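Below: the structure, in structure tokens.
The values are calculated or read from the model by the stated rules, or taken from the named source; none is laboratory data. In this text the structure is predicted, and so the values were computed from the model without any measurement. In this analysis, Cβ positions are derived from the backbone assuming ideal geometry, glycine residues included, and neighbour counts consider all displayed protein chains. SASA here: full protein model, heavy atoms, side chains in, ligands and nucleic acids out. Shrake-Rupley method; radii C 1.70, N 1.55, O 1.52, S 1.80 Å.
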Amino acid sequence: KQWYQRRVAIPAGEELDFFVKGNMSLEKSSRQKPHDWIPEQGWEDLIKFGEVIPDAGDVAGMVERSGETWRAWSELDEPETTDLPNGIDKNLNAFQKLCLVKCFRVDRVYMGVTNYVTEKMGEKYVTPPVVTFEAILEQSSAMSPVVFILSPGSDPASDLMKLADRTGFGGNRLKFLAMGQGQEKAALQLLETAVTRGQWLMLQNCHLLVNWL
């Protein structure tokens, strides 16, 4: 963890804690939110921001006095790539600016983090690796299962069938079973058969029977 923080210049301690958690206080600040367009939690985070990063100055006061300027900035398509109002960029590093962006536009944090990591570490750290089924097969063994952790709507069954055909495991050598209540016995029988006959077995919806697995 310490090596990673030094490498990408992410401050440890309060600043990192603030970025991850925001203002966790159960009591609202006595300082009233000056403008309706500011999110409730965003204002509380902004008050905390001033405590954690005092070098930024009284940002909450700036927002109160120059509300329309800050509103225009916060409503930009990409505020994380644009200079901050009141010229306070000169008082903040890139990570601190990201903390401030989060106070106003939580929806832009993902792209802000992506840009930050790209700048500090390189694009390869934000580019998803290209994984092929051939590469998965090459790294696997008959003694260990391959687990697919899927996003909603994705289904590797078609690609797996094509891989099976290319490697001589198509047709009757590839078996499927959708897991669910009462399928434990059937799954165990198919697994024993696959081991005995040298077949591939794909168990789908495994999250329904995690305890059995």
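For R65 and Q41, a Förster radius of 25 Å and the Cβ-Cβ distance give a FRET efficiency of 0.70, rounded to the nearest 0.05. In this rough spin-label picture, where each label sits 7 Å from Cα along the Cβ direction, the D17-V109 distance is 1.7 nm. What separates the Cα centres of the range 50-129 and the range 168-213 is a distance of 50 Å.
A 1.4 Å probe, protein heavy atoms only, puts the accessible area of Y125 near 110 Å². Sorting the segments 62-74, 28-40, 95-107 by their residues' average number of neighbouring beta-carbon atoms within 10 angstrom, most packed first, yields 95-107, 62-74, 28-40.
Placing R0 at 45 angstrom, the Cβ-Cβ distance between A72 and V130 gives a FRET efficiency of 0.65 after rounding to 0.05.
What ranking do 127-137, 46-56 get when scored by the average of other Cβ atoms within 10 Å per residue, highest first?
Values: 127-137: 10.5, 46-56: 17.5.
Per-residue mean Cβ counts within 10 Å order the peptides as 46-56, 127-137.
Using the 1.4 Å probe convention, the accessible area of the chain works out to 66 Å² per residue with neighbouring protein chains retained.
Can you classify the range 91-163 as rounded, prolate or oblate using the Cα gyration tensor, where a ≥ b ≥ c are the square roots of its eigenvalues, rounded means a/c under 1.5, and otherwise it's prolate if a/b beats b/c and oblate if not? Judged from the Cα gyration tensor, the range 91-163 comes out prolate (a/c at least 1.5, a/b above b/c).
Only one item in (i) -0.43; (ii) -0.68; (iii) -0.55 matches log10 I(q)/I(0) by the Debye sum over Cα atoms at q = 0.10 Å⁻¹ derived from the coordinates shown, and that item is (ii). What a 1.4 Å probe finds exposed on the range 71-211 is 54% carbon and sulfur by accessible area, rounded to a whole percent.
With a/c under 1.5 counting as rounded, go ahead and sort the range 144-209 into rounded, prolate or oblate using the C-alpha gyration tensor (a ≥ b ≥ c being the square roots of the eigenvalues; past the cut-off, prolate if a/b is larger than b/c, else oblate). Could the numbers behind the result be given before it?
Details: a/c = 2.15, a/b = 1.08, b/c = 1.99.
Taking the square roots of the gyration eigenvalues as a ≥ b ≥ c, the range 144-209 is oblate.
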